[in-house]
Amino acid sequence: MPFCHFELRAERCKSEKYPKQISSLGDHIRARRLDLKLLQKQIAHQIGVHEQTITGWERNATSPEIHYIPAIIQFLGYDPLPPANTLPERLATARRVFGLSQRKMAEKMGVDPTTLRGWEAERHQPTKKSLDVIGKVLQSR
């Protein structure tokens, strides 16, 4: 009598610790950590923060400081921030990806921090010369 061999495959149920909906940076961090089966302590060491800091982020009690964003993006393997469409959004996103404050980004671009703040807030438009500088900075991402 011939036998039929077959195999049933299904995804395992996610842990109850897994975020039900990934809507914040903390949710992205927790989901990735659980997918990799890592402890908060391991992630904290990799990013360069205390274990309790990871707990705060994952619980959405606190948000990461901007200078940790590059390490978080590297840990996640992708940029969880929404895609930027406008120039002000692209400037703010590039600044976060670099992990720079507005003051440090302005220094990098050779402009006054107030000028960069105005561009990001859409209070005024950059000149042609400034657009060239902005283009170079955005391309270096």
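The values are calculated or read from the model by the stated rules, or taken from the named source; none is laboratory data. Worth saying up front: this structure is predicted, and the values here are computed from it rather than measured. Using ideal geometry, Cβ is built from the backbone for each residue, glycine included, and neighbour counts are taken over all protein chains shown.
Scanning region 87-129 for residues that are farther than 28 Å from Phe75 by Cβ and of a type in the set (Val, Ile, Thr) gives Val111, Thr114, Thr115, Thr127. Of the residues contained in region 89-98, one or more are found to be within 18 Å of Ile29 (Cα to Cα) and either not hydrophobic (A, V, I, L, M, F, W, C) or not assigned by TED's automatic domain parsing to the domain that holds Gly135 (or both). The helices (runs of 4 or more DSSP H) located wholly in region 57-112 that include 2 or more residues which are in contact with a Gly (Cβ under 8 Å, 6 or more places away or on another chain) occupy 69-76. Among residues of region 101-117 that are more than 16 Å from Leu138 (Cβ to Cβ), those with a Cβ under 7 angstrom from a residue that is among the basic types (Lys, Arg) and surrounded by fewer than 16 Cβ atoms within 10 Å (Cβ to Cβ), sequence gap 6+ or separate chain, pair up as Pro113/Arg103. Here is the figure for region 73-122: residues that are of a type outside the set (A, V, I, L, M, F, W, C) and over 25 Å from Ser23 (Cβ atoms) total 14. Scanning region 118-136 for residues that are within 13 Å of Arg90 (Cα to Cα) and surrounded by fewer than 16 Cβ atoms within 10 Å (Cβ to Cβ) yields Ala121, Glu122, Leu131, Gly135, Lys136.
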